[in-house]
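*Asks:* Please find one structure pasted underneath; my questions will follow.
The values are calculated or read from the model by the stated rules, or taken from the named source; none is laboratory data. Everything numeric here is computed off the predicted structure, so don't read it as measured data. Positions of Cβ are backbone-derived with ideal geometry, glycine not excepted, and every protein chain shown enters the neighbour counts.
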Number of protein chains: 2
Amino acid sequence: MSYTEIHGVPSQIPISEYLFHRLNQLKIWTVFGLPGDFSMPLLDKLYTIPTLRWAGNTNELNAAYAADGYARLKGIGCLITTFGVGELSAINGIAGSYAEHVGLLHIVGMPPTSAQTKQLLLHHTLGNGDYSVFYRIANDIACYAAIINDTDLSVDEVDKCIRKAWIHQKPVYLGVPVNQVNIPVDSNRLNTPINLRIPRNSREMEQPVVDLILDQIYKAKNPVIIVDACVSRQHALKETALLCDMTRFPVFVTPMGKGTIDESNAQFKGVFTGSLSSPEVREVVYFSDFVLFVGALLPEFNTSTFNFGFKTKNCAILFSTAAKFKKAIFPDLHLKPTLQALIKKLEPSRIQYKYEETRNIVAPRLEPNDADLLRQEWVWNEISHWFHERDTIITETGSSAFGINQTRFPTATIGINQALWGSVGFALGACLGASFAVEEMTAVENQVTTDLRSYDRHIDVSRRTILFVGDGAFQLTAQELSTIIRWKLKPYIFIMNNQGYSVDRYLHHRSDASYYDVQPWQYLQFLKLFGATSFETRKIVTVGDFKEMLADETFAIPDKIRMIEIMLPQSDVPETLVARWQAEKESTNKRMHDSSDDSSTNSSPSIDLRFTKRPFLGSTNQSSHVSTEYSQVGVHYL
Amino acid sequence: MSYTEIHGVPSQIPISEYLFHRLNQLKIWTVFGLPGDFSMPLLDKLYTIPTLRWAGNTNELNAAYAADGYARLKGIGCLITTFGVGELSAINGIAGSYAEHVGLLHIVGMPPTSAQTKQLLLHHTLGNGDYSVFYRIANDIACYAAIINDTDLSVDEVDKCIRKAWIHQKPVYLGVPVNQVNIPVDSNRLNTPINLRIPRNSREMEQPVVDLILDQIYKAKNPVIIVDACVSRQHALKETALLCDMTRFPVFVTPMGKGTIDESNAQFKGVFTGSLSSPEVREVVYFSDFVLFVGALLPEFNTSTFNFGFKTKNCAILFSTAAKFKKAIFPDLHLKPTLQALIKKLEPSRIQYKYEETRNIVAPRLEPNDADLLRQEWVWNEISHWFHERDTIITETGSSAFGINQTRFPTATIGINQALWGSVGFALGACLGASFAVEEMTAVENQVTTDLRSYDRHIDVSRRTILFVGDGAFQLTAQELSTIIRWKLKPYIFIMNNQGYSVDRYLHHRSDASYYDVQPWQYLQFLKLFGATSFETRKIVTVGDFKEMLADETFAIPDKIRMIEIMLPQSDVPETLVARWQAEKESTNKRMHDSSDDSSTNSSPSIDLRFTKRPFLGSTNQSSHVSTEYSQVGVHYL
């Protein structure tokens, strides 16, 4: 039976219903946003498709974050806002999706075409008759922007928007004037799926790249593979796993690529964070004679904290839609088919590199006492043992984004963070979106209710959604917790309470500036206040509290929403960063600041890494010298 | 003594300190925003000026709303955000300031010039090396945008930015790369105040307009004056009051102009909301033979709810920087000097119109019983009697924005709303900003601690800050309550709880759509949870509760923060709107919708206007016919 027959779709339907049927076909069952007077007619049509649900967020920025988190699991996210006020409120979230290669369909309910033509001074306008300003702005942070104006082409436009968001993994802007919501279109088109195939590479372009890479793969003596975020964005998880398996090369992930490959595999050697990597990671990557960088989001990534270049010039980089070998760029090469071609031609017997099982260096398990107060370093190492297969783990920009790099993910764990865009407040919204997605993916797994195409991503279903968010970051988007509660979603929300913006406090080398402080809230009271009826809260102050929580088997079952406040010292940051950061900061200051008299950065904070009661990590090594001492406090699993 | 002598300013200071001294000179003592790695060096300099305080908001959109609310009282507001993530989060608030003519200085901490030149892929970028994208976007919603790049011109640039924000009452964007924060400049310039004088009008342009208007003033038989928002924006409160006084014409305000003139004056005849005005107002304005529209924000204002044109062609409109008489436009005429010229030349003895004291029609005080549940209509009329002189009253977009038009403001009341831009969530942020401003204005009044110029606006100091916000709207920006508490500010926060987006529910004529619902929160618990120690909360369910609250003299004294939850029926909207809205909506639908098949708007909600226990308002008159019956339920004071 055809789609229209199964779903009883009449032969003529409004274009808006057509759009929502298309989302339904892609299993995009949750749509995010807030109602507005120009978007309500759209929402009425959304409500006519029984499988779709309208999240009803608390504000548009949160909604955009949620759509982004959802898209990272389901391949695409959809957000509906209203003209002007709504779309502009969401724009920082959209920009994040653009920067981080996340497929997003942003539908904006617009004033009627006639009002735009006549330049009526409607509300939600700038009062100057300029109706195109928001569209112009949107264009700057979208891979495609369109407004439904031409009745005849509306169906093509809708399909094109969805296709572009899916293939390019970037935001697409689709404006729908209120008078266009009901344009009648032929529903039969729904019986032909949108073509979401990634374009084939041209053989002439692909072949030389594949040969060049294979040549390197065969002859390299100290090769590494580094896996970045676009592997998951481009649905190339399987191909990448197979390539790693066939070569047996040591494998690293970037912070954004964390969760993309199986970290339980012995080939996995840790997180490569450029110059901030642990010495073991840095040594292997920097002294390799061939780097194969798969699914790269960026050629380089320089921040005040990261410097993400490679020392070796012998580097092959596979981007989403291009490849780079040494200095040569090969455009129009899509990641997935390139990997497929590589795998097809690869003869493992010709590989010179011999895989050696290296002893994973485990940090000495110097145990603090149960009565000791918590430290970041210990917490991140401990929590790692609590993670399950198929967890979805979301970390906020800040200490959590660094701490998570100390953990090893079990098989099929999905990681979500915003390492490039780094918009504080993102993670709680993303947690909502991910929770919806996980719920839907579980539903699909448990009952085959559909004949729709299923995509790569759906295989990696996880059961638990786990958020790590700082107290400072939580405040920016706190009300979105209400939407999580409204839908009875059941994430774990760990509030890493270190009394303010600690990473910034540390970065800026001033621990005394009050602008790092935030108002202390009673975080654990929020669940009740927002209307949760079934929930659990815990305040974790000591090492003993933390151990007890992790040992509690009922705690590990995601049967209700849980909020856990982890009390951490104010000037504590994940240990892996402390010394290296210091050195990096100094070199960054030299490199990037034209003017050298920024006296405020001279006073470094005194970070005491000892547990309050019983020191066990020793004093901080402030030098950036690669030293074996680091192996005591670096990534534990190498 | 000079400014630099009084404040012990060294002869050379960093440009950033210069900037903050300039703000201090204008008594702009609170700066809004959040810290970010590119803005922290700026904040360090802000902290060196003892009179300045850094608000430390909970997110950037809220901060922008707060800066807007502050600016409406103090003439200009200042917001500091960080590159990319920070500035984009604030953009909807900035656009609101642009639409509503509010002077805002938006300072953005940017990456160092060298990183921009080299197109380094820093975090908070889109990852494509485009550093100008945010500046381009900002340009679309600013009257001026600059980046401090040229060392020699930096002082001029700073002065120019402040001057433009002040004079044009629009947002100005000022980017400060981190390496430019410490450019040394000569502080002696601080001893010459920034020229904030509104430019003089050219005599050749001004004279004919003045003569044309005077001619109309003298001969009009049924004239009216309508006062709009730009009277306060352009510091022309006194001139406008004087003009009204000299002519004795009936005076109306627009919703955005409410609070601009003295409503206790017998000449004041109500709020003109175009076709939605009460019949008494509409009759007078529509049948007038001369409309003098002073400080107009917009020539026309058409929304799905408003239609703001005039019937008479005999209309003189004074904008901020232009005038219009009939079809002729006179550019480059500034409001304040035009008004001054008009007043100077006006001979009241030549005015033919004779002012007649009209009996103010007071609605029959049919009192509900104490046990009755509340209704919007009754609440807004009652609260009017509780307002004091010099209150600052902020109303959220939604029912409150309409309800407030039923009230009469006491002398020197300041009104804040966002009638044009209409961004839901604005009012709580604006309440924070206004509370800061009121606190500072009170301080200035009570102690002459300064030789700084004082501006028009500072005379209108109010003691209480009063916010009316719907439950749905409160959710968008709820966390900013925390900043109000953090600073121990003491506004009254009335949560008008009608369980969702009621105005939208009504507008869109569907009471059954669940997208109007919001998650029910325990609103009154927020104060404690956000850390308030001295506060009062009240839940007002019945007419008796409400009366008791208003009669409580201790309640009227703003000695602590107060939150009052007013429980209202879900499908209740302010009475003044009900019938007219219905008619307006129908005509708007006809006028604006090209496609006529929007079947969803056909079912109108059944609005029952009776009190639950004892009906006293009678049934709704669904006709738009101007009828004397309306005087029973319309604006009470005419």
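*Asks:* Of all residues in the range A:61-102, count the ones that are facing chain B (nearest Cβ under 8 Å) and farther than 24 Å from A:Leu298 by Cα.
*Replies:* 5
*Asks:* Would you check if there is a residue in the range B:106-122 being under 22 Å from the mean Cα position of the chain (by Cα), closer than 14 Å to B:Ser39 by Cβ and assigned to a strand (DSSP E or B)?
*Replies:* yes
*Asks:* With the checklist (1) within 17 Å of A:Thr30 (Cα to Cα); (2) more than 10 Å from chain B (Cβ to nearest Cβ); (3) touching a strand residue (DSSP E or B) at 6+ places or on another chain (Cβ under 8 Å); (4) not aromatic (Phe, Trp, Tyr) in hand, flag the one item A:Gly109 doesn't pass.
*Replies:* The one condition A:Gly109 does not meet is (1).
*Asks:* I would also like to ask the following. Has the range B:162-178 got at least one residue that is of a type in the set (Val, Ile, Thr), within 14 Å of chain A (Cβ to nearest Cβ) and either free of Cβ contacts under 8 Å to residues at least 60 places away in the same chain or on the phi > 0 side of the Ramachandran plot (or both)?
*Replies:* No, that holds for no residue.
*Asks:* Of the numbered conditions (1) in contact with a helix residue (DSSP H, G or I) (Cβ under 9 Å, 6 or more places away or on another chain); (2) at the interface with another protein chain (Cβ under 10 Å from one of its Cβ atoms), B:Thr117 fails exactly one; give the number of that condition.
*Replies:* All conditions are met except number (1).
*Asks:* Read through the list (1) within 16 Å of the chain's Cα centre (by Cα); (2) of a type outside the set (A, V, I, L, M); (3) modelled with pLDDT of 95 or more; (4) farther than 22 Å from B:Arg233 by Cα, then give the number of the only condition that B:Pro491 fails.
*Replies:* (1)
*Asks:* Do you know which of the residues in the range B:168-199 that are surrounded by fewer than 16 Cβ atoms within 10 Å (Cβ to Cβ) and part of a helix (DSSP H, G or I) is farthest from the chain's Cα centre (by Cα)?
*Replies:* Step by step, filter the range B:168-199, then rank; the result is B:Asn188.
*Asks:* Taking into account only those residues within the range B:40-54 that are part of a loop (DSSP other than H, G, I, E, B) and in contact with a strand residue (DSSP E or B) (Cβ under 8 Å, 6 or more places away or on another chain), which is nearest to the other protein chains (Cβ to nearest Cβ)?
*Replies:* Within the range B:40-54, the match that is nearest to the other protein chains (Cβ to nearest Cβ) is B:Tyr47.
*Asks:* While we're here: Looking at (1) surrounded by fewer than 17 Cβ atoms within 10 Å (Cβ to Cβ); (2) modelled with pLDDT of 95 or more; (3) under 30 Å from A:Asp44 (Cα atoms), which is the only condition B:Ser596 fails?
*Replies:* (2)
*Asks:* Of everything in the range A:195-218, what is in contact (Cβ under 8 Å) with a residue 24 or more places away in the chain and within 30 Å of A:Arg22 (Cα to Cα)? Give them in sequence order.
*Replies:* A:Asn195, A:Leu196, A:Ile198, A:Pro199, A:Arg200, A:Asn201, A:Ser202
*Asks:* Still on this structure, please answer the following. Any idea how many residues of the range B:1-30 are closer than 29 Å to B:Ala434 by Cα and hydroxyl-bearing (Ser, Thr, Tyr)?
*Replies:* Of the residues in the range B:1-30, 4 are closer than 29 Å to B:Ala434 by Cα and hydroxyl-bearing (Ser, Thr, Tyr).
*Asks:* Out of all the residues in the range A:250-274, which are within 20 Å of A:Gln352 (Cβ to Cβ), crowded, with 23+ Cβ neighbours inside 10 Å and not charged (D, E, K, R)?
*Replies:* Answer for the range A:250-274, where residues must be within 20 Å of A:Gln352 (Cβ to Cβ), crowded, with 23+ Cβ neighbours inside 10 Å and not charged (D, E, K, R): A:Pro250, A:Val251.
*Asks:* List the number of the failed condition for B:Arg457; all other conditions in (1) within 14 Å of chain A (Cβ to nearest Cβ); (2) at pLDDT below 70; (3) within 21 Å of the chain's Cα centre (by Cα) hold.
*Replies:* Tallying (1) within 14 Å of chain A (Cβ to nearest Cβ); (2) at pLDDT below 70; (3) within 21 Å of the chain's Cα centre (by Cα), B:Arg457 fails exactly one: (1).
*Asks:* Same structure, new question: Write out, first by first residue and then by second, each pair whose Cβ atoms fall under 7 Å of each other, whose residues are 6+ apart or on separate chains, and whose first residue, in the range A:369-385, is free of Cβ contacts under 8 Å to residues at least 12 places away in the same chain while the second is of a type in the set (Lys, Arg).
*Replies:* Filtered contacts from the range A:369-385: no entries.
*Asks:* Looking only at the range A:157-209, count how many residues are in contact with a Phe, Trp or Tyr (Cβ under 7 Å, 6 or more places away or on another chain), of a type outside the set (Val, Ile, Thr) and at pLDDT below 95.
*Replies:* 2
Listed here are the residues, each with its yes/no results for (1) at pLDDT 95 or above; (2) closer than 22 Å to B:Gly422 by Cα; (3) under 24 Å from the mean Cα position of the chain (by Cα); (4) assigned to a loop (DSSP other than H, G, I, E, B).
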| position | (1), (2), (3), (4) |
| --- | --- |
| A:Val9 | yes, no, no, yes |
| A:Asn62 | yes, yes, yes, no |
| A:Tyr70 | yes, no, yes, no |
| A:Leu79 | yes, yes, yes, no |
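*Asks:* Pull up the range A:506-525, narrow it to residues that are assigned to a helix (DSSP H, G or I) and facing another protein chain (nearest Cβ under 7 Å), then point me to the one that is modelled with the highest pLDDT.
*Replies:* In this case the residue turns out to be A:Gln525.
*Asks:* Continuing with this model, one more query. Contact list please: Cβ distance under 9 Å, first residue in the range A:130-143 and more than 10 Å from chain B (Cβ to nearest Cβ), second residue assigned to a loop (DSSP other than H, G, I, E, B) and basic (Lys, Arg), pairs at least six apart or on different chains.
*Replies:* A:Ala142/A:Lys170; A:Cys143/A:Lys170
*Asks:* In the range B:404-446, how many are in contact with a His (Cβ under 8 Å, 6 or more places away or on another chain), hydrophobic (A, V, I, L, M, F, W, C) and within 14 Å of chain A (Cβ to nearest Cβ)?
*Replies:* Going through the range B:404-446 one residue at a time, the tally reaches 3.
*Asks:* Across the range B:388-432, which residue is surrounded by the most Cβ atoms within 10 Å (Cβ to Cβ) among those that are charged (D, E, K, R) and either out of contact with any Gly (no Cβ under 7 Å at 6 or more places or on another chain) or part of a strand (DSSP E or B) (or both)?
*Replies:* Within the range B:388-432, the match that is surrounded by the most Cβ atoms within 10 Å (Cβ to Cβ) is B:Asp391.
*Asks:* In addition: Of these, A:Glu87, A:Glu100, which one is among the charged types (D, E, K, R), in contact with a strand residue (DSSP E or B) (Cβ under 8 Å, 6 or more places away or on another chain) and within 26 Å of A:Ala419 (Cα to Cα)?
*Replies:* Numbers: A:Glu100 fails: in contact with a strand residue (DSSP E or B) (Cβ under 8 Å, 6 or more places away or on another chain).
None of the other options fit; the residue is A:Glu87.
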